[in-house]
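Beneath this line is the structure, given in structure tokens, with notes to follow.
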Amino acid sequence: MEYKVRVNGQPVAQPRPSVRIMPNKFEACIGLLNGGAARAYRNLRRCVRGNAYVAENHAVHPWRRKLSAALKSAIGEIITQPVEVRCVFLMTRRTNMIWTTKPMPREAYDKSVNDGDNLLKAVLDAGNDAGIWLDDGQVIDGSFSRRYASGYEEPGVEITIRILDKEAVE
């Protein structure tokens, strides 16, 4: 079985999470650091463990909510089998790439601003949020491509989710 979902809007990559050191852990770290430089370095790695988070005002949150709602309404069931996910991210065209006298086909995206793997991660995490699969570990094959949107096409993502047979995987 295969599902196709189109979500409009500028795709946003999942950022690297920041780490918040909890105050009680920080005080414990200060005590550990008083034992000398070598010991402090060894113990510092234990101290910086805290809560990983993405800032609440980051643009990825509304994007993931939009993806999650679209995936939930398109699929509506929990997938328990292995899946394959293919994504085509359509990015906004630069102003110097907009013409009025000739066609504007989809073109390869040439910027390194949005890492493609982080764009894909946002889609997989939105699938977790939507509850369409038990865990994104079920995705055993995934790929993406980034393109500039053609003509007056709206930016967004085209997601294809294909459920694989367990026998075909083995």
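The values are calculated or read from the model by the stated rules, or taken from the named source; none is laboratory data. Here the structure is a predicted model, which means the values were calculated and not measured. Neighbour counts run over all protein chains shown; Cβ positions are idealised from the backbone, glycine included. Just so you know, the surface numbers come from the protein's heavy atoms only, side chains and all, with ligands and any DNA or RNA stripped out. Shrake-Rupley method; radii C 1.70, N 1.55, O 1.52, S 1.80 Å.
In region 125-141, of all residues being among the aliphatic types (A, V, I, L, M) and surrounded by fewer than 21 Cβ atoms within 10 Å (Cβ to Cβ), the one that is farthest from ILE159 (Cα to Cα) corresponds to LEU134.
Across region 38-70, what is the number of residues that are modelled with pLDDT of 90 or more, open to solvent by less than 50 Å² (accessible area, probe 1.4 Å) and either farther than 23 Å from ARG147 by Cα or touching a strand residue (DSSP E or B) at 6+ places or on another chain (Cβ under 6 Å) (or both)? Selection size over region 38-70: 2. Got at least one residue in region 97-111 being at pLDDT 80 or above and either part of a loop (DSSP other than H, G, I, E, B) or open to solvent by less than 40 Å² (accessible area, probe 1.4 Å) (or both)? For region 97-111, residues at pLDDT 80 or above and either part of a loop (DSSP other than H, G, I, E, B) or open to solvent by less than 40 Å² (accessible area, probe 1.4 Å) (or both): absent.
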